[in-house]
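Chemist: First the structure, then my questions, so here it is.
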C-alpha cells in the first residue's frame, strides 16, 4: 500500500559481543517499549554479534535463527525491520542486511565494500548487487557502514527516495560519518538515514552513536549520541516537491559501473 508518510524508529544501542541470543532478547525488549506506531524499525550493522572478525566463533545456524526472529518480530510489530547480521551460506560468511516485512517478504543485500582496514575483506565475501525496495510508496536503498565512503555506489540513478546506512562506525572517525551522511542526502536528493551503535566492543573500539536522519536538502531531522530509540516521519511529498523545483538529479553524469 502506498502512502505519503513513513514512520520510522531508529534503535541506537550497545551490543553484546558475539552473543546472538542475548542481542535478540535485548532487541525484543526494546520493541515492546516502542511508544509510537511505526512502519519501519532500523537496527545497527551486525546487530547480533558486533563487528567481529572471527565469524567462526558463531554457530552457522545463528544467521537463520536471527532471520526467523526478524520475521516473528516484524509480524508482532506490524512493521518492517532492517539491519545486518553475520550470515553463513554456501561455504562463505557474509555481512548481510535483511529487510523483513510484516507480510513475510524478505529482501537481502550483501555489503559491497568490506572494510579492509579491519580485514573484513579476508573473512567476509563482498556483495556485487545493490538493492532497491518498494515499501509503502517509498523506494528504499539500504547499505552497510563502509559503503558510505563510496558515493558512486550510492548515486541516485534508480530514483530512490531513502538511503539507509546501518553501521558500527567508531568514535575516532565519527566526523567523517557526520559529513558523509549529510552529503549523501544532498547529492542524491533523498532522505539519508544512518543508524550506528554505541558503547564499547570487546576489541576495545568505542562507538559514540551519531545516528541521524537528513532530508533531501541536508536538513537534520534526528541526531542521537546516547542509547535510545528515535522516531521521525519521512514525507514523500517533500521529496517530490523539492525535486520538481530543484531538478539537480536531471543534470547528473551518466556512467556505467564495473564490478
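Chemist: For region 208-227, does any single residue satisfy the condition of being touching a helix residue (DSSP H, G or I) at 6+ places or on another chain (Cβ under 7 Å) and surrounded by fewer than 15 Cβ atoms within 10 Å (Cβ to Cβ)? I'd like the intermediate steps shown before the answer.
Modeler: Of all residues in region 208-227, those touching a helix residue (DSSP H, G or I) at 6+ places or on another chain (Cβ under 7 Å) come to 208, 210, 212, 214-218.
With the extra rule that they be surrounded by fewer than 15 Cβ atoms within 10 Å (Cβ to Cβ), the set shrinks to 217.
The answer is yes, given that some residue of region 208-227 is touching a helix residue (DSSP H, G or I) at 6+ places or on another chain (Cβ under 7 Å) and surrounded by fewer than 15 Cβ atoms within 10 Å (Cβ to Cβ).
Chemist: Restricting to region 28-46, what's the tally of residues that are surrounded by 24 or more Cβ atoms within 10 Å (Cβ to Cβ) and either assigned to a helix (DSSP H, G or I) or at positive phi (or both)?
Modeler: Counting residues in region 28-46 that are surrounded by 24 or more Cβ atoms within 10 Å (Cβ to Cβ) and either assigned to a helix (DSSP H, G or I) or at positive phi (or both) gives 1.
Okay, residues lined up against (1) within 25 Å of residue 119 (Cβ to Cβ); (2) under 14 Å from the mean Cα position of the chain (by Cα):
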| position | (1), (2) |
| --- | --- |
| 141 | no, yes |
| 150 | yes, no |
| 160 | no, no |
| 170 | yes, no |
| 173 | yes, no |
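Chemist: Please indicate, with yes or no, whether at least one residue in region 182-198 is in a strand (DSSP E or B), surrounded by fewer than 23 Cβ atoms within 10 Å (Cβ to Cβ) and modelled with pLDDT of 95 or more.
Modeler: Here is the first cut: in region 182-198, the ones in a strand (DSSP E or B) are 191-196, 198.
After this cut, where a residue has to be surrounded by fewer than 23 Cβ atoms within 10 Å (Cβ to Cβ) as well, the list is 198.
Add one more test, that the residue is modelled with pLDDT of 95 or more, and what stays is 198.
Among the residues of region 182-198, at least one is in a strand (DSSP E or B), surrounded by fewer than 23 Cβ atoms within 10 Å (Cβ to Cβ) and modelled with pLDDT of 95 or more, which makes the answer yes.
Chemist: Please specify each residue of region 245-259 satisfying the condition of being in contact (Cβ under 8 Å) with a residue 40 or more places away in the chain, closer than 16 Å to residue 154 by Cβ and part of a loop (DSSP other than H, G, I, E, B).
Modeler: Start the filter on region 245-259 by keeping residues that are in contact (Cβ under 8 Å) with a residue 40 or more places away in the chain, which leaves 246, 248-249, 252, 255, 257, 259.
Restricting the remaining residues to those that are closer than 16 Å to residue 154 by Cβ gives 248-249, 252, 255, 257, 259.
If the condition is that a residue be in contact (Cβ under 8 Å) with a residue 40 or more places away in the chain, closer than 16 Å to residue 154 by Cβ and part of a loop (DSSP other than H, G, I, E, B), then 252, 255, 257, 259 are the ones that fit.
Chemist: Check off (1) out of contact with any helix residue (DSSP H, G or I) (no Cβ under 6 Å at 6 or more places or on another chain); (2) within 22 Å of residue 120 (Cβ to Cβ); (3) surrounded by fewer than 20 Cβ atoms within 10 Å (Cβ to Cβ) for residue 166 and give me the number that stays unchecked.
Modeler: (3)
Chemist: Considering only region 1-27, how many residues are within 20 Å of the chain's Cα centre (by Cα), assigned to a loop (DSSP other than H, G, I, E, B) and touching a residue at least 60 places away in the same chain (Cβ under 8 Å)?
Modeler: 5
Chemist: What number of residues within region 120-178 satisfy the criterion of being within 30 Å of residue 202 (Cβ to Cβ), part of a strand (DSSP E or B) and touching a residue at least 60 places away in the same chain (Cβ under 8 Å)?
Modeler: Going through region 120-178 one residue at a time, the tally reaches 5.
Chemist: If you take the residues of region 59-84 that are closer than 16 Å to residue 124 by Cα and touching a strand residue (DSSP E or B) at 6+ places or on another chain (Cβ under 6 Å), which of them is surrounded by the fewest Cβ atoms within 10 Å (Cβ to Cβ)?
Modeler: My answer is 60.
The values are calculated or read from the model by the stated rules, or taken from the named source; none is laboratory data. Please read these numbers as outputs of a predicted model, since none were measured by experiment. So basically every Cβ, Gly included, is an ideal-geometry build from the backbone, and we count neighbours across all protein chains shown.
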